[in-house]
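Worksheet: the structure to be examined is printed underneath.
The values are calculated or read from the model by the stated rules, or taken from the named source; none is laboratory data. All values derive from a computational prediction rather than experimental measurement. All Cβ positions, even for glycine, are placed from backbone atoms using ideal geometry, and neighbour counts span all protein chains on display.
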Amino acid sequence: MTARDTDWDGVRLHVVTGKGGTGKTTVAAALALALAHRGRKVLLIEAEGRQGIARLFDRPPLPYEERKIAIGPGEADDGRGQGGDVYALAIDPEGALLDYLQMFYNMRGIGSALNKLGMVDFATTIAPGLTDVLITGKATEATRRRQPGTPSGFVYDAIVLDAPPTGRIGRFLNVSAEVSGLAKVGPIRTHADSVANVIKSPQTAVHFVCTLEEMPVQETLDGIAEMRSIRGMQVGGIVINRTPPALLSQEELKAPPDLVAMAEALDAVGLYSTDALAATLAEELAEHARNVELADLARTELETAGQPIYELPMIAEGIDLAALHRLAADLREQGAA
Amino acid sequence: MTTLGNPRLDTDRIIDDRRTRIIVCCGSGGVGKTTTAAALGLRAAERGRQVCVLTVDPARRLAQSMGLSSLDNTPRLIEGVSSAAGGSLHAMMLDMKRTFDEIVEAHAEPARAAQILANPFYQSLSSSFAGTQEYMAMEKLGQLRRSDEWDLIIVDTPPSRSALDFLDAPERLGRFLDGRLIRLLTSPVKASRPFTRVLNAGFSVMTGALTKLLGAQVLRDAQTFITAFDSMFGGFRERADATYRLLQAPGTSFIVIAVPEPDALREASYFVERLDEERMPLAGLILNRVHGTGGCRLSAARSVAAAEALESTAPATGANGPVVPAAPADDPGHSAKAVSAAALRLHAARTSLSERERRVAGAFTSAHPAVPVLEVPALPEDVHDLAGLRRIGESFAGS
């Protein structure tokens with residue numbers, strides 16, 4: 001039982017995508033932390049082999065292995081004051097292939113022979129869509145993995161998948177369509193179908209990370225439209241990352257500042273060359289006003305998608321574990337987790 | 001904007017040098033590769049070069065900014081480019097399936113081409129496999145270069161998992177084609193190789209395993225495809241090798257693009273080192289979206305202190321820092337204090353951002369002190385038209 005409803009109760013696999021450079025991995029990590037409360041166990045999966053998660057949590061590169069990397073926030077009203085656990089897994093295609101062999105055929109031993117033959121190369125770089133099937137396969141396997149005796153009956157209460165960027169997300173998730181042209185029957189097809197059963201179900205939601213700039217907004221709207229065109233796929237929330245701070249009201253931003261009065265005010269708090277400073281600050285204010293206006297336009301456009309929107313602040317100092325916890329708290333407060 | 005210790009990347013010198021025939025823009029996703037490639041292309045064209053920009057990014061807005069509703073697999077002439085210096089600008093967007101189909105059609109006799117094009121394995125391979133885009137970008141680049149219709153080709157690299165995938169493409173293709181897997185897959189069809197008994201037994205175990213893994217139908221399709229494709233493979237690899245050598249040739253310049261963020265610069269660093277290893281000619285780094293401090297030397301700490309002093313005399317703060325309610329109209333002093341405090345906080349945030357960017361960029365430049373760097377200031381808006389691209393080009397030149 002959760003203390004309150006979140007927007008995504010019932011979702012167990014959270015897929016996080018976004019245009020490159022919008023902070024997709026950061027948001028995925030913050031979401032995993034946000035979900036890991038009250039003793040819940042969350043698995044954060046990195047699909048692209050960049051080791052971005054290890055860097056975010058200030059850890060050495062992660063092996064192909066589920067290991068605990070962080071503890072979620074405890075809650076004051078919890079009584080137990082107990083946070084949950086965040087586990088992380090960096091998937092590489094090669095490891096996923098060997099895993100697949102082990103899981104379904106119990107033939108991991110054959111892996112090195114296949115490797116010598118070029119089979120691993122073949123499967124991971126040449127075989128169409130196979131890599132994606134393997135990665136989504138691993139994520140859905142972790143989603144379904146059972147553990148008797150736990151409150152949910154599952155090993156993990158939630159999975160967060162740091163997925164490929166928006167431009168590739170449709171192809172990445174639409175595995176069964178990808179494979180159906182190739183394998184009409186057979187083991188790969190069966191595997192792809194079982195993957196699709198999880199991904200195209202209410203258990204899975206695809207969240208979009210965006211910044212308030214034109215191109216990311218356009219790509220987000222295109223990505224959402226693409227997801228909606230795939231039967232059974234659930235579009236999740238839009239996470240606006242790096243929102244600039246709101247320091248003044250619209251009216252104040254629009255009004256031309258009184259330079260003389262500003263210089264006086266600056267003088268009074270002991271600053272020097274206040275005439276020049278007031279002029280510089282006024283210029284910076286004007287630029288800020290323009291940015292706020294553009295950001296508002298971008299936000300209005302994102303609202304047309306009709307999905308829940310969560311906003312995360314710009315953190316000028318860069319992202320560390322403390323910042324991740326702050327972002328996680330923001331996501332929780334807004335109902336994302 | 002403070003200058004980093006590295007030499008300044010002079011893009012005008014590169015595009016004005018008639019010996020420069022190819023410029024490759026590379027870097028991680030979301031750093032402005034495509035826009036940079038287009039801006040360089042426009043500037044080069046208006047300085048007298050016959051330019052073709054090859055992009056793999058299907059961003060509609062960029063196509064629109066060049067006056068086209070969309071780009072396709074054929075170079076299109078861009079209108080509105082000044083031809084005063086005798087140059088011209090073409091642009092095209094890579095259609096990987098179309099490019100692949102064209103290669104098949106050009107290199108196989110019609111019956112065999114039709115057989116290949118209809119094969120389900122080929123259809124998947126040509127439209128979806130991770131890596132096709134890289135091969136095809138290289139292929140298209142080679143084609144454009146060989147056609148000799150343009151004296152400068154500017155290409156932006158595909159948004160790969162790794163920015164380096166396209167460099168690996170020829171080698172990976174070669175490794176695959178020379179691999180035993182191909183021989184294994186084709187052997188039951190050809191059935192003409194003199195296997196020893198041991199090898200044969202080994203192979204049948206492998207074929208068995210593959211059948212189990214892939215399914216008999218997939219294996220059959222793959223075999224049919226590879227057999228049909230076999231005759232073309234040699235030419236494929238030769239061309240990929242030729243393009244690779246072209247990239248190493250003196251007429252090529254690589255420009256690495258990044259933004260002052262740790263991830264983008266880490267990728268850039270890796271790229272610079274890799275290009276060096278591969279003996280690829282690196283021209284330098286373009287650092288996009290750099291935030292400046294506008295020449296104002298007031299530090300972040302002092303700004304915040306002054307803002308706090310002002311706020312203590314003009315109260316009202318909200319949960320998210322100071323939120324200033326609409327000031328009473330009859331008290332201009334109050335309003336000026338509030339506005340000044342907000343402006344100082346803004347300035348502080350800006351200064352810390354700029355300082356952080358400087359630190360991040362410093363980590364790159366101290367590791368690569370000889371790499372020429374060009375800083376491009378952050379723009380509030382995306383580019384919508386040729387005029388916008390032209391302004392970016394001008395900012396490269398520092399004017």
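Points to keep in mind about this one:
- Those residues of region A:251-302 which are aliphatic (A, V, I, L, M) and under 35 Å from the mean Cα position of the chain (by Cα), in sequence order: A:L253, A:L285, A:A286, A:A289, A:V292, A:L294, A:A295, A:L297, A:A298, A:L302
- Within region A:155-169, the set of residues being in a helix (DSSP H, G or I), within 11 Å of chain B (Cβ to nearest Cβ) and surrounded by fewer than 24 Cβ atoms within 10 Å (Cβ to Cβ) comprises A:G167, A:R168.
- Of the numbered criteria (1) within 14 Å of chain B (Cβ to nearest Cβ); (2) modelled with pLDDT of 85 or more; (3) on the phi > 0 side of the Ramachandran plot, the one A:V209 fails is (3).
- Yes/no for A:K138 being at pLDDT 90 or above and either part of a helix (DSSP H, G or I) or surrounded by fewer than 22 Cβ atoms within 10 Å (Cβ to Cβ) (or both): yes
- Pairs with Cβ under 6 Å, 6+ apart, first in region A:154-178 and more than 19 Å from A:R231 (Cα to Cα), second among the polar types (S, T, N, Q) and in a helix (DSSP H, G or I): A:I159/A:T143; A:D162/A:T25
- Checklist (1) at pLDDT below 80; (2) touching a Phe, Trp or Tyr at 6+ places or on another chain (Cβ under 9 Å); (3) not small (G, A, S) applied to B:K190, failing item: (2)
- Total residues in region A:297-320, condition in contact with a strand residue (DSSP E or B) (Cβ under 6 Å, 6 or more places away or on another chain) and within 13 Å of another protein chain (Cβ to nearest Cβ): 4
- Test for B:G284: is it modelled with pLDDT under 95 and either closer than 23 Å to B:L152 by Cβ or not β-branched (V, I, T) (or both): no
- Out of A:Q307, A:Q218, one residue alone is in a loop (DSSP other than H, G, I, E, B) and surrounded by fewer than 22 Cβ atoms within 10 Å (Cβ to Cβ). It is A:Q307.
- Against the numbered list (1) surrounded by 19 or more Cβ atoms within 10 Å (Cβ to Cβ); (2) in contact with a helix residue (DSSP H, G or I) (Cβ under 6 Å, 6 or more places away or on another chain); (3) at pLDDT below 90, B:M93 comes up short only at (2).
For (1) within 13 Å of another protein chain (Cβ to nearest Cβ); (2) at pLDDT 90 or above, each residue gets a yes or a no:
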site	(1), (2)
B:S70	no, no
B:I78	no, yes
B:S82	no, yes
B:A106	no, no
B:P158	yes, no
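- Residues of region B:23-48 that are more than 14 Å from chain A (Cβ to nearest Cβ) and touching a Lys or Arg at 6+ places or on another chain (Cβ under 8 Å): B:C25, B:A39, B:L42, B:R43, B:E46.
This table checks each residue for (1) modelled with pLDDT of 95 or more; (2) under 12 Å from A:P73 (Cβ atoms).
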residue: A:E301; (1), (2): yes, no
residue: A:A305; (1), (2): yes, no
residue: A:E311; (1), (2): yes, no
residue: A:E317; (1), (2): no, no
residue: A:D320; (1), (2): no, no
residue: A:L324; (1), (2): yes, yes
residue: A:A328; (1), (2): yes, yes
residue: A:A337; (1), (2): no, yes
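- Applying the condition of being part of a strand (DSSP E or B) and either of a type in the set (A, V, I, L, M) or in contact with a Phe, Trp or Tyr (Cβ under 9 Å, 6 or more places away or on another chain) (or both) to region B:344-399 and asking which residue is nearest to B:A59 (Cα to Cα) yields B:V376.
- Criterion violated by B:G48 - all others in (1) outside any helix (DSSP H, G or I); (2) in contact (Cβ under 8 Å) with a residue 60 or more places away in the chain satisfied: (2)
- Within region A:247-296, restricting attention to residues that are within 7 Å of chain B (Cβ to nearest Cβ) and part of a loop (DSSP other than H, G, I, E, B), the residue that is surrounded by the fewest Cβ atoms within 10 Å (Cβ to Cβ) is A:S249.
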